[in-house]
Each structure stands twice: as structure tokens, then as C-alpha cells.
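Written out below as C-alpha cells is the structure these notes cover.
The values are calculated or read from the model by the stated rules, or taken from the named source; none is laboratory data. Every value quoted in this text rests on a predicted model; they were computed, and no experiment measured them. Cβ: placed from backbone, ideal geometry, glycine included. Neighbour counts: every protein chain shown.
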Amino acid sequence: MTERVPYASLYENDPVYQMAVNQLRESANILGLADDVVEVLRHPEKLIQVKITIKRDSGKLETFLGWRSQHNSALGPYKGGVRYAETVTPGEVVALSMWMTWKCALAGLPYGGGKGGVRVNPKTLSLRELEELSRKYFAAIAREVGPDIDIPAPDVGTNPQVMGWYFDEYSKLAGYPAWGVITAKPVELGGLYVRVISTGYGVALSAREAARKLFGGLEGKTVAVHGFGNVGIYAAKYLAEWGAIVVAISDSKGYVYNPKGLNVENVIEVKAKTDAVTNYREEGVKVSNNHMELLELPVDILVPAAIENVITKDNVERVKAKLIVEGANGPTTPEADKVLHDKGVVVVPDILANAGGVVMSWIEWSHNKMGCFLTDEEAISRLDKMMTLNFNRVFDEWQKKYSNYPMRVAAYVIAIDRVVKAMKLRGWI
Ligand code: NAD
């Protein structure tokens, strides 16, 4: 008889998944959760794998694999983007769906966590091929998603046009225009103009609220923004509008620094025209081609809004900011996080600071479902109210109950506690 090999699921050996589980275990220890509850939380409720075969423009068939992970629905329908990248694995998709569960719970949204992915480099596809792939992926998962079941959105490698095809494919199968099945749709299909600013706006708002708590306000505080894309641009714009002095801005080519303050609107214009902030000139501005140096400037507030792992054990001792607000996902390594906490630097974690996108998605979804029209001002004001209220709740709970830990650990603990309480109230555990 053949000996049976212990079974590891599609995702259990994946390092990204293991990182998510370690984080869960650390928070579960602080909360005193039993191992059997952690076992419930570490697996997705459902993981769907689909095969997508398209006909390339050459006439040849090509087959791709895709997934949708539905991690937890205790608080509401699953919510999370779909990623197109050659590096996508089921483990990564499950981990990202778990992080969405915590992010939505922390933001106080009536959503659970989900995430999708297709292992494909979208840049290698023609527009027609991309459309065929997107429609077939969505048709393959259509029975498992829906406005009250699971609501996808864009992520790395997908965009509002892809969302338009998803929406159309689902609506054809459902037999009615299902506005609520997707968020961050094109504006013409019920999306919101202000979706594009929402993550950066939320980052600025988190900095504003943290500055109120720590320094009595933003007014006159100096800020360096690392990364000047969708998140960095709007974070810098609103911070400057609200009285902070944005002194440094970088992109991948370098940074510009003016201790007296940069004119953010003009930097945005130069970036849009030339694709490099280093082309910006004004009196007193210093230009460097090493964007990493920006992280070490003498400023009050640092906003990393580019990529992951930029504040590490190698440069953390030289970081001078007293407040770091994470616009990017994972810009601070765990070792650096500990050093910053020991130095008394407050790090507002990504899971809290960059939730503006998903909060705006909830605003879009709830209005689509009611068939209501929303002005840009109403949408922004709702985002501001929701995030401000929630930021202060999380900050106060951190200070009251978990101040021995970095704010990041407290954020995870609060989020997991919210999910576990909902599961208990529903009688699941
Ligand atoms: P983006 O592509 O619009 O901009 C990225 C910026 O970072 C650009 O200025 C680019 O020059 C810079 N950059 C890219 N690679 C770099 C490198 N190797 N070194 C230094 N700088 C580099 O991206 P975005 O949408 O602004 O996202 C930025 C971060 O925020 C990512 O971590 C993303 O996951 C996270 N995030 C984005 C959203 C959103 O709604 N866009 C939501 C949540 C989290």
C-alpha cells in the first residue's frame, strides 16, 4: 500500500501566506485567542481556482490560471481587488484576502476580505486579448461573486476598463445591470470621479489626525513624501492645502528638497509634463538623484508612498521624522518597526493609513445599490468623516490598551478582535 504524504494545501507553503499567518498568530497571542480559533482564521472560507483559455491574436490557444480567495465574511460580503501579474500564487492571493479582512474590519466597513489574481503579465497581451482574458476570468467566478456576496475592484495590473468588462460580463449572466458587483468602475458606469484621489486623501487625513494628537495640528509641520504616483501626489496636495509645509518629494529618479517648502501644485505639473520631479526648479531647491536620501531628511512627518521595504535596519537609525504615515503597502520592515517604536516614533500603519480607496469603494457600492447620485463633495466629505472617526477610535484604543506595542500591532489586534466578535455573535465559534 502506498504511504500517504501529509497534505499541504495550495497555499500553506507559500512565504507570503506564512508571513500573514505569523502576523495573525502574534496578534492572537496578545488577544489570548485559542489555537482552534486561530486555525479557523488562518484558512480562507473558500478558494476558487479557475482555468482561463484564450485565443491569442496569432491564433494559438493559451491557458492561464486564476484564483479568487474569500477569506472571511463575518462582517459582510467579501471585498478586495484582482491582481494580474506573472508572480501571482494562490498563497499570495489567500494572504492578500486575509489582509483585506483585517483592513475592512479596521476601517469599520461592513465587508469581509477577498482577493483575486491571474498569473499573467498583462503587458504581453493586446487589448483584445486582455478583454477576452478578463471576461473569461469573471465568467468563471461569476457564480461565486455578486453585489451581496463578493465585490471585486482593481489592484496591480488591472484598471477601471477591466472593471467595466467584469461588470458587463456579470450583468449579462445575471440578466440585469449589476452596478454593485464591482467598485472603482469607470465614471460612465457608476464609478466616482474622486476614487482616484481617495487613497492619497486618506493618507493625508491620517497624517492630519495623527498630527493633531501628537503635535496639536499640521500647521507649519514639515513633510517629506517618498513616491509621487497616485498615492503620493494626493497625499502631498492635501497636506499642503491643510497647512503643512511639504519640503521634499521623490520619485524613482530622485528627489527635490526645499527646507522653506515646495510649491506642490507646481511639482505636480512638472511631474505630469516630464515624468520626473527632479526637473522641478524654484529658488532654494536642491536636487538629488538618490531618492533613498529623502527618508533621512530632518522633517516632522515622513510619508512613504512608493514601494515596500524602504525603511529597514540599514537606514532606520538615520530616520529623523517623529511621525511616519504609511501610504505604500509594507514600506517599513518588522526590524525597523521595532527600532522606531523604541525611539518613540509613531508609525501609522498601511492597513489604517491607506484604507481611503476601500472606504471610497464602499461609498460607491452603497450608492450604486440605492440607485443614488452622489456629488464629489458629498463623497469626499463622507470619506473624511468615516476615516477621521475611525482613525481616532483606533488611535485611542491603541493608547488605552496596547501602547506597549507599535501602532501596527495594535491595529491588527483591534481588527482581528472585531472579526472574532462578529463570528462569536453569529454563532460560528
Ligand atoms: P504609482 O505607480 O502611481 O506610484 C508609485 C511611485 O513610486 C512613483 O512616483 C514611482 O516613481 C515611485 N517608485 C516606483 N518604483 C520605485 C522604486 N523602485 N524606488 C523608488 N520609487 C519608486 O503607485 P501608487 O498607486 O501611488 O501606489 C504606491 C503604493 O501605495 C504601493 O505600495 C501601493 O500598493 C500602495 N497603495 C496604493 C493604493 C491606490 O489606491 N493606488 C491603495 C492602497 C495602497
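Only one residue in G32, G76 is in the same structural domain as Y111 (by TED's automatic domain parsing) and at pLDDT 95 or above. Which one?
G76
Scan region 338-366 for residues that are closer than 30 Å to A153 by Cα and acidic (D, E) and jot them down.
Once the filter is applied, which keeps residues that are closer than 30 Å to A153 by Cα and acidic (D, E), region 338-366 yields D350, E364.
Show me the strands (runs of 3 or more DSSP E) entirely contained within region 217-334 in which 2 or more residues are away from the ligand (no atom under 11 Å from the Cβ) and surrounded by fewer than 20 Cβ atoms within 10 Å (Cβ to Cβ).
Correct list: 286-288.
When region 196-216 is examined, which residues are found to be over 20 Å from N392 (Cα atoms) and more than 9 Å from the ligand (Cβ to nearest atom)?
Filtering region 196-216 for residues over 20 Å from N392 (Cα atoms) gives 196-197.
If the condition is that a residue be over 20 Å from N392 (Cα atoms) and more than 9 Å from the ligand (Cβ to nearest atom), then I197 is the only one that fits.
Looking at (1) in contact with a Leu (Cβ under 9 Å, 6 or more places away or on another chain); (2) closer than 30 Å to Y193 by Cβ, find the lone condition where V270 falls short.
(1)
Can you confirm whether region 338-345 contains a residue that is more than 21 Å from A211 (Cβ to Cβ) and within 11 Å of the ligand (Cβ to nearest atom)?
no
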